[in-house]
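Following this message is one structure expressed as structure tokens.
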Amino acid sequence: MWKPKLSKVEQSYFIGVDVSKNKVDIAVIARTQEVVLEREVPNTDVSLKRFFGSLIKQFAWCSSDVLICCETTGIYSNPLKRVTLELGLKLWVEHAMKVKRASTDMRGKDDRTDARRIAEYALRYSDRKRLYVAESTAMKRLGTQGKIRNTLLKKRTSLENELREAKAMDIALYRELKAVYGPVISSLNRQLKKVEEVIRTLVKQDEDIRQNMKLLQSIPGVGEQVSLHLILRTNNFKSISSPKQLACYAGVAPFKNESGVKIKRARVSHMADKQLKKILHLAAMAAIRSKGELNEYYQRKTEEGKNKMSTINAVRNKIIHRVYAVVERQSPYQIKLEI
């Protein structure tokens with residue numbers, strides 16, 4: 001049976017929280033793996049604050065004694081994030097698939113059991129925890145405007161694709177669709193312009209964001225949208241603090257694929273942020289299509305016989321490392337000139 005290495009564990013209690021829309025199931029376990037408490041609490045700021053406040057008072061805990069862990073659930077975990085920040089408690093928001101794959105016993109499933117599994121995961125892997133860092137007001141607004149922009153773009157693209165197909169195959173259908181979709185597309189274009197203007201205003205108002213955006217755009221292949229996505233995904237490089245972490249998160253970090261004498265080509269993981277990977281791919285394609293080091297690197301590797309997609313993936317990684325280099329140095333990217 002697995003036993004935790006107590007010498008490496010900072011906290012005395014681990015709280016697993018299984019989050020759903022209307023309620024959260026909470027399991028508290030000690031370092032000895034003893035289940036101390038299990039509760040079901042409404043998923044509201046008031047209820048969660050009352051529960052954790054009474055828990056801290058009952059057990060005379062301080063913030064360093066407790067580690068709270070939950071899975072990524074989008075906006076449903078926002079009340080928990082707000083309450084833990086207000087009470088000064090440590091919160092670890094982990095990818096649901098990691099928790100599932102780490103579980104040694106998957107027999108049966110309900111919210112109460114899931115909360116206990118999350119608590120056990122927090123105890124077992126507490127040395128790998130990545131604590132939740134709150135976004136600034138500017139970052140929250142930028143994130144909201146970014147989501148609005150993506151939604152508008154998807155709707156516009158969907159309508160434009162339908163019109164394109166109709167125009168190619170049925171001109172009568174196209175005219176009928178155009179009469180309805182045309183004004184809608186025009187309205188979406190106007191809304192997109194407004195959203196993009198709000199985003200630019202928010203960037204200008206925040207010195208740190210404005211500076212990092214400017215630095216990132218000095219890198220070949222990285223434009224306004226790529227730099228904005230990178231800043232949003234990393235909480236302005238506070239949540240993901242190293243290029244290796246971002247490469248793994250974006251699904252561009254290659255992992256070995258070996259077993260015994262079988263040695264296969266290294267592959268990237270499918271557990272990734274696909275939207276960020278797409279953005280990095282566009283940046284890589286822009287970089288290798290323009291003159292410069294990355295174009296020369298791509299040409300040299302493909303001429304040597306290296307797989308094109310593997311080479312593009314290497315370019316993505318190079319861009320990520322350059323991104324973190326300019327942010328860390330706080331100076332623009334300098335193109336190497338031949339002497």
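Going by the structure shown, is LEU230 farther than 20 Å from LEU131 by Cβ and either outside any loop (DSSP other than H, G, I, E, B) or touching a His at 6+ places or on another chain (Cβ under 8 Å) (or both)?
Against the criterion (farther than 20 Å from LEU131 by Cβ and either outside any loop (DSSP other than H, G, I, E, B) or touching a His at 6+ places or on another chain (Cβ under 8 Å) (or both)), LEU230 qualifies.
Checking CYS70 against (1) in a helix (DSSP H, G or I); (2) under 30 Å from LYS147 (Cβ atoms), which test does it fail?
Among (1) in a helix (DSSP H, G or I); (2) under 30 Å from LYS147 (Cβ atoms), the lone unmet condition for CYS70 is (1).
Only residues that are surrounded by 12 or more Cβ atoms within 10 Å (Cβ to Cβ) and closer than 14 Å to GLN225 by Cα: list them for the stretch 178-197, please.
Listed by number, the residues that qualify are LEU192, VAL195, GLU196.
Do we have ARG116 as closer than 28 Å to HIS229 by Cβ, among the basic types (Lys, Arg), touching a residue at least 12 places away in the same chain (Cβ under 8 Å) and in a helix (DSSP H, G or I) here?
On the way: closer than 28 Å to HIS229 by Cβ: no; among the basic types (Lys, Arg): yes; touching a residue at least 12 places away in the same chain (Cβ under 8 Å): yes; in a helix (DSSP H, G or I): yes.
So ARG116 does not fit the description; no.
To continue, here is another question. Across the stretch 287-324, which residue is surrounded by the fewest Cβ atoms within 10 Å (Cβ to Cβ) among those that are among the basic types (Lys, Arg) and part of a loop (DSSP other than H, G, I, E, B)? Don't jump to the end; show me each part of the working.
Residues of the stretch 287-324 among the basic types (Lys, Arg): 289, 291, 300-301, 306, 308, 316, 318, 322.
With part of a loop (DSSP other than H, G, I, E, B) added as a condition, the list becomes 291, 306.
Values: LYS291: 8, LYS306: 13.
Selected residue: LYS291.
Continuing with the same structure: I'm trying to understand the selection: among the residues of the stretch 200-258, which are of a type outside the set (Ser, Thr, Tyr) and free of Cβ contacts under 8 Å to residues at least 12 places away in the same chain?
Once the filter is applied, which keeps residues that are of a type outside the set (Ser, Thr, Tyr) and free of Cβ contacts under 8 Å to residues at least 12 places away in the same chain, the stretch 200-258 yields ARG200, LYS204, GLU207, ARG210, GLN217, GLU224, ILE240, LYS244, GLN245, LYS256, ASN257, GLU258.
How many residues does the stretch 56-68 contain that are surrounded by 20 or more Cβ atoms within 10 Å (Cβ to Cβ) and free of Cβ contacts under 8 Å to residues at least 60 places away in the same chain?
The qualifying residues number 2.
Which of the following residues is charged (D, E, K, R) and part of a helix (DSSP H, G or I): LYS109, LYS167?
When all the criteria are applied, what remains is LYS167.
Answer yes or no as to whether LEU163 is in contact with a Lys or Arg (Cβ under 7 Å, 6 or more places away or on another chain), among the aliphatic types (A, V, I, L, M) and either exposed (fewer than 13 other Cβ atoms within 10 Å of the Cβ) or more than 25 Å from SER20 (Cα to Cα) (or both).
Working: in contact with a Lys or Arg (Cβ under 7 Å, 6 or more places away or on another chain): yes; among the aliphatic types (A, V, I, L, M): yes; either exposed (fewer than 13 other Cβ atoms within 10 Å of the Cβ) or more than 25 Å from SER20 (Cα to Cα) (or both): yes.
Yes: the conditions hold for LEU163.
Each reported figure results from applying straightforward, stated rules to the coordinates on display, with no laboratory input. Computed from a prediction, not measured in an experiment: that's the story for all the values here. Cβ sites come from the backbone with ideal geometry, for glycine too, and all protein chains shown count toward neighbours.
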